[in-house]
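Colleague: Got a structure here, written out as structure tokens. Questions coming.
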Amino acid sequence: MKKIQYGILLVILPLVLAFSYYFSPSKPLSIVKDIGQLPVDAGIIDMNNSITFEGSLYFISRIPEFGAELWKVDKDNNVSLALETIPGRESSGIRILFESENILYVSAKKPGSNTSSVYYLDDPNGEFIELDLGVPIHTGNLKEVDGKYFALTSSNENNVDTIVELNGEGSLLHTITGNENFYSIHDVTYFNNEIYFSFSDGSSHELRKKSAGVVETIYTSDHQISRLIKTTAGIYIVENNYNVTPSSFDLSFLSEDQITPLKSFSHIDTDQILAQGDYLTLLAVPVGSDVQQIWEFNGADIDQLTNYIEGEVWDIRHLTRVSSTLYYYESGVEGEKVKFSDGAGLYDVSTGYEYYEFFGHTRLLELNSKVFIQGNKYQDGQAIPSVSVISNGIATEIISDQEVYDYQPFSMGDKVYVIAKKYNSIIELYEIDTDFGVANSKLVFESQSVDYLAADELNNKIYILNGETAGGQYLLSVIDNYIVNQLTVSSNTGGSYPRQFTALKDKTYFIAEHDELGTTLWESDGHEALLIDAEFNEILNVSPEMLFNVDDHLIYLVKEGSGFNSKFQIWIHKEGSSYRLSQYTFNESELSILNDGVGLYFISGYEGGTRRALWFISPEEARIIEELDGVSNETKLINTPHGIYFTDGFGDSAGLWKLDGMSLIKIEDNGLQFSSSYEREIIWDSQHIYLKQCIDYTTVVYKSDIANGLEAMDIGELSGKNCNDSKYYQLSEEVAVLLSSYETDLYGVWSLKDGVLNRIDSFADVRGEAIAMDSRLYFNAQPADSYRDYLHVYENGVANNLYIESSDGLKVAKVSTEDNSDWIFNKYVGYQLYQYSENGLSEYGVIPDGYDNIHSIIKVGNINFIQASGQYGSNQLIALEESGELTFLNQDQSINFSNNGYYGGSPIGKGHGEWLFMQGCNYIVGCEPYSLSLSKTLLASFNTDKNHYVAGYKVSVDGSLSEMGEADIVEYNWKLVGYEGAQIENNGNAQASIKLPLIEQGTNLTVELEVIDANDNSSTATKEISVEVNQAPEIVISAPASAVEGSVVKLDANASSDKEGEALSFQWSIVEGKNINLNNAHQAIASFTVPDLEEDAVITFKVAVGDTVGNVSVAEVQVSLEKAEGTTNPNPDNGAGDGDSGGGGSTNWLLLLMLASLMMMRFGYHRRRVN
């Protein structure tokens, strides 16, 4: 089994393709900007090919990025790609969706084959798996029997047919071998856990059975057994009997492997065969009659239900059985009727109406074991749509409304619903109570058109088709809890469809669709795209249309309105601003504009003018050169080496004009005749201007001279030849002419140079279109001495046979202007690649079969980029280097390149410098601008060691990822934006570190890198990092509440901590009290010895605890110092009395002192303050 990967990309920015080792642009192909963000409507191509499976809807949809593939709606109404059978933009060959024994199957036709790939899904949360059984599967021969499916395969090589019994991973192959080259399995069925099949091998026709792995023949016939129809009673066999005249279809019944012949028919209506329960019902014409009848078979019992006579009945449809009762529709001389047979007789269903007028739309439907009639009743001279339910031969109307033009009944679980479509664009959903014949309205909404698609009983949802998408698909909606929701494609942001890529000095401009503003103008440096702010962005139906690079300024047309009523404004984008260059509004819907690099020239009417005028537009001005009579706005101006010319007009106004500076000169016509303007063409050589025309179906050429006007040329052998037979091709300094005149049997190539027309060479035939490339003309011709066509090249008076067999897919591109060499792409099987120059022809590589259409060739630098596509969806961007190396840039088909724009315009173009821009489509981002650079552009880029930091820490930065331009990078300038004084170590180098400042609350900060190269070019990159607050240390102090003289006291802050785990520093000091000596004042634990005291005292100590980033916390603690018992103070002025009186005292006083001390310690009589 092969697991199918359908490539939904998880990461799209940047989307990078794999390049070969020899092709390494400085910036690989990647998205410039995902502009479009609107949701994409989900749409369905084929409303008859969808299915609900395990709570999801599977359907076929076409999206520009993927073509037509299999999509699904899950229980949460998310729409996503379920299976991409063909990579790329082409449609898949999905034919059939079906469910069998809790497995969903998809059949998709293989490209270029009559066989199919079959995929299955047995886990709703899993992926589709291709059924890889090693045999070709013909799903056109798919057979369903009681929910079990069989497919047939064949192989002409080894005379083997195979019956595929589909069961997901456990699918089985039943191989049948024939005796001769001509054989086949015609039909297969399944009965009592045994497989029956009809088989022919040219000499015999057999009914065979496979049971327990053994194949045996049940029945042998002289006729082909074309059909096997299974009922619960047995199998009915249809044999095609061509041995009688007229031929017949013989019906037999197989039961317990015994055959019973039943009836022969001259015709069986295959659309009206109903096998249900024990019964087989047919609409057929018996042998010997010309009238079709309804026949009912129950085992070997035969019952002819009808006995029509010729001309009595015209049409019988909708054979429907509920239990033992058969219903059908009948149309004949007595009108339209619904009939039923209960086995005892044939009766009319009583409708209560005069007449049913079906118009081909009325149907009999079996829903939840009840039969409904849906159609038009004819009452009081009016056709009124209605829905009725049949019970006991009586049709009871449930719903009818003359404001409704159609009803659609359907069932979901044990309920029946009806969608009513009204003429006033109102849609109403009813739930039908079939027991009481009542329709209850559940939902009303507005829509132009709605069709029922499917019901999901598991999630109680109804899928409908609600209008059409822009691509002609049906819009998909869901009714969920009686609310209508338009479904959109999940994860798809929509497309902006960029086009009109136009390069200036250091920017490329293009037009794209913006979600809110519509058609807008953008600029890009190749890395990013920015929206151009212009007044028209906010104005409805006003949008940029055409872009031009005029003297390194962007001049563009802005269109007002649409269609033939549209008008144009002229705008310029200059020094970062866009504004109108001219206040005139031009009246034409289309303009032919010539850009000679200095200015724009065009002919148009204008607001306030009475005639059309020739206009000149430059970055500085918009001016009229001259007003004209009798010319059209579609006049094409031609820039030649001899100046700008145009020809237009009719009658007396017809002529040839030359633009001389800002003056217009009309060339004297000297009375010569002019054809219609669209049949004229201006051509030239190094000396002259010529006007080629088609007059009376033949070509005439006038030579132009400013002084003497026009004169008719003698074109010799080309004179009088049909215009379609002679084709003129403009080369750099001459005109080449190819003639294919079947009337005069004259074929050849001519040269028009220096006013003279000369034949260069003759051929047996000249075929197809030719390609002019500078001084050369490439064309296909058959030499006089050959029976084959070869590619020839004409240049400088000589036509050379290149001996390349001709094809219809010739393409030519320039290799180098230095040696005037060309690439030749000759289509045969794929494209064979040649290079032609003055040195001759060289053969190179091959663009393989599968890329049979080259849409465009764009040269950027020394590389030609080829946009190609294949028949089955593959599309490719190919880089062709001067060496002939071919690099396929879209190997995995992850980007789909459009060969034409959804909104028109060119979706690929050369950008500024050595940039290539194009429209690329992808399922995630839609159709968006992509770019690729060949030049070495200085580009700043860097990494940080982390994305999340704590304030006060260092950020390690590495700018070595920066890309060098044409010169080496000489300086790396780092900055923390908004904190100019931030400490930066190793600034100026690729690797550096930046110390983050302390902040009061968490925030995002921006790191910036500017790189400067030796040519003083610079590039800047930024990155945002998140920074959280650095918490100050938490102080915990341990110290005694009191101490006596001579004792050592420890002040312990060692239990202090820092949330960030940083190393701590300590500083102890005395805030208040006796001055003593502190030991280890810079340590976590400080100490001191209590000195001799004159009296008890209290000292307040302070500790400052700091972390490594500069956060400091402060706390205080008090210690009471006490005199030791029995000591005296030698100082008489200490308030204790005489020096010898302090040494005694009674024992009672000593006990009281000890008790007081204990009380002070017990109740913490000391002071501690923490900041």
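What follows draws every value from the coordinates through simple rules; no lab data is involved. No experiment lies behind these values; they were computed from the predicted model shown. Here the Cβ positions follow ideal geometry from the backbone for every residue, glycine too, while neighbour counts run over all protein chains shown.
Colleague: Using the 10 angstrom Cβ neighbour count as an exposure proxy, how do Val285, Val79, Val1112, Val1049 rank, fewest first? Intermediate results must be reported in sequence, preceding the final value.
Modeller: Details: Val285 16, Val79 25, Val1112 13, Val1049 20.
Lowest to highest Cβ neighbour count: Val1112, Val285, Val1049, Val79.
Colleague: Starting from the Cα gyration tensor of the range 605-650, take the square roots of the eigenvalues, sort them a ≥ b ≥ c, and report rounded, prolate or oblate (rounded when a/c is under 1.5, otherwise prolate if a/b is larger than b/c, else oblate). Mind showing how you got there, number by number?
Modeller: Working: a/c = 2.56, a/b = 1.10, b/c = 2.33.
Oblate, since a/c reaches 1.5 and b/c is not below a/b.
Colleague: A further question on this structure: Along the Cα→Cβ direction, 7 angstrom out, place labels at Val970 and Asp222. What is the inter-label distance in nm?
Modeller: Label at Val970, label at Asp222, 10.5 nm between them.
Colleague: Another one. Cut-off under 16 Å on the C-alpha distance; same-chain residues fewer than 8 positions from Lys574 excluded. Which lysines are left, in chain and number order?
Modeller: Lys505, Lys507
Colleague: Additional query: Can you tell me the FRET efficiency between Ala764 and Ser582 if r is taken as the Cβ-Cβ distance and R0 is 60 Å, rounded to the nearest 0.05? Mind dumping the intermediate values first?
Modeller: Numbers: r = 57 Å, r/R0 = 0.95.
So, using R0 = 60 Å, E works out to roughly 0.55.
Colleague: Moving on. Which loop-located GluC sites (Glu not before Pro) does the range 1059-1119 contain, where loop means any DSSP state but H, G, I, E or B and the Cβ has at most 15 other Cβ atoms within 10 Å?
Modeller: Numbers: sites: Glu1060, Glu1062, Glu1072, Glu1094, Glu1095, Glu1116; in loops: Glu1060, Glu1062, Glu1094, Glu1095.
Listed in order of number, the matching sites are Glu1094, Glu1095.
Colleague: For Glu1072 and Asn987, calculate 0.36 nm times their separation in residues minus their Cα-Cα distance, and state this gained length in nm to one decimal. Display every interim value, and only then the final one.
Modeller: On the way: separation 85, 0.36 × 85 = 30.60 nm, distance 4.69 nm.
Here the segment from Glu1072 to Asn987 would lengthen by 25.9 nm.
Colleague: Report the label-to-label distance for Met47 and Ala1063 in nanometres (one decimal), using points 7 Å from each Cα along the Cα→Cβ vector.
Modeller: About 7.9 nm, to one decimal.
Colleague: Related question: Assign unit charges at the C-beta atoms only (+1 for Lys and Arg, -1 for Asp and Glu), then state the dipole size of the chain relative to its Cα centre in Debye, rounded to the nearest 20.
Modeller: On the way: 74 positive and 167 negative charges, 219 e Å.
Dipole about the Cα centre, nearest 20: 1060 debye.
Colleague: Taking H as built 1.01 Å from N, whose amide H comes closer than 5 Å to the amide H of Val860, not counting residues under 5 places away?
Modeller: Answer set, sorted by chain and number: Phe865.
Colleague: Run the quick spin-label model on Lys936 and Asp551: label points 7 Å from Cα toward the beta carbon, then report their separation in nm to one decimal.
Modeller: Label at Lys936, label at Asp551, 3.6 nm between them.
Colleague: Could you give the C-alpha radius of gyration of the range 262-371 expressed as a fraction of 2.2 N^0.38 Å, taking N as the number of residues it contains? List each step's numbers first, then the result.
Modeller: On the way: Rg = 13.8 Å, N = 110, 2.2 N^0.38 = 13.1 Å.
Dividing the Cα radius of gyration by 2.2 N^0.38 Å gives 1.05.
Colleague: Checking the a/c ratio against 1.5 first, then a/b against b/c, what shape does the Cα gyration tensor give for the chain? Write out the running numbers ahead of the final one.
Modeller: Values: a/c = 2.42, a/b = 1.31, b/c = 1.85.
Oblate is the answer for the chain, as a/c is 1.5 or above yet b/c matches or exceeds a/b.
Colleague: A follow-up question, please. Specify the angular offset, from 0 to 90 degrees and rounded to the nearest 10, of the alpha carbon long axis of helix 1147-1162 from the longest principal axis of the alpha carbons in the chain.
Modeller: That works out to roughly 10 degrees.
Colleague: Continuing with this model, one more query. Where in the range 271-308 is the amide nitrogen less than 19 Å from a point lying 7 Å along the Cα-to-Cβ axis of Tyr347?
Modeller: 305-307, by backbone N distance to the label point.
Colleague: Give me His553, His205 ranked fewest to most by other Cβ atoms within 10 Å of their Cβ, as a rough exposure proxy.
Modeller: In order of increasing Cβ crowding within 10 Å: His553, His205.
Colleague: What does the C-alpha gyration tensor say about the overall shape of the range 311-444? Classify as rounded when a/c is under 1.5, otherwise prolate if a/b is larger than b/c, or oblate.
Modeller: Working: a/c = 2.13, a/b = 1.30, b/c = 1.65.
Because a/c hits 1.5 or more and a/b fails to exceed b/c, the range 311-444 counts as oblate.
Colleague: If pairing requires two Cys Cβ atoms under 4.7 Å apart, which cysteines of the chain are left without a partner?
Modeller: none
Colleague: What are the ³J(HN,Hα) values, in whole Hz, obtained from phi via the Karplus relation 6.51 cos²θ - 1.76 cosθ + 1.60 with θ = phi - 60°, for each residue of the range 1093-1108 in sequence order, with x given for Gly and Pro?
Modeller: Running phi through 6.51 cos²θ - 1.76 cosθ + 1.60 with θ = phi - 60° gives 10, 7, 7, 4, 8, 10, 10, 9, 9, 10, 10, 10, 10, x, 9, 6 Hz.
Colleague: May I ask you to compute the full-extension gain from Ser592 to Glu431, defined as 0.36 nm times their residue separation minus their alpha-carbon distance, rounded to one decimal in nm?
Modeller: Numbers: separation 161, 0.36 × 161 = 57.96 nm, distance 6.10 nm.
That works out to 51.9 nm of additional length.
Colleague: May I ask you to evaluate 6.51 cos²θ - 1.76 cosθ + 1.60, the Karplus curve with θ = phi - 60°, for each residue of the range 52-58 and list the ³J(HN,Hα) values in order in whole Hz, giving x for glycine and proline?
Modeller: In residue order, the calculated couplings are 9, 8, 6, x, 10, 9, 10 Hz.
Colleague: Note the full-extension length gain between Glu312 and Asn1017 as 0.36 nm times their separation in residues minus their Cα-Cα distance, in nm to one decimal. Walk me through the numbers on the way to the answer.
Modeller: Values: separation 705, 0.36 × 705 = 253.80 nm, distance 9.46 nm.
Length gained, Glu312 through Asn1017: 244.3 nm.
Colleague: Check which residues have an amide H placed less than 5 Å from Asp765's amide H, if you skip close sequence neighbours.
Modeller: Gln782
Colleague: Fewest to most neighbouring Cβ within 10 Å: what's the order for Arg767, Arg776?
Modeller: Taking fewest neighbouring Cβ atoms as first place, the list is Arg767, Arg776.
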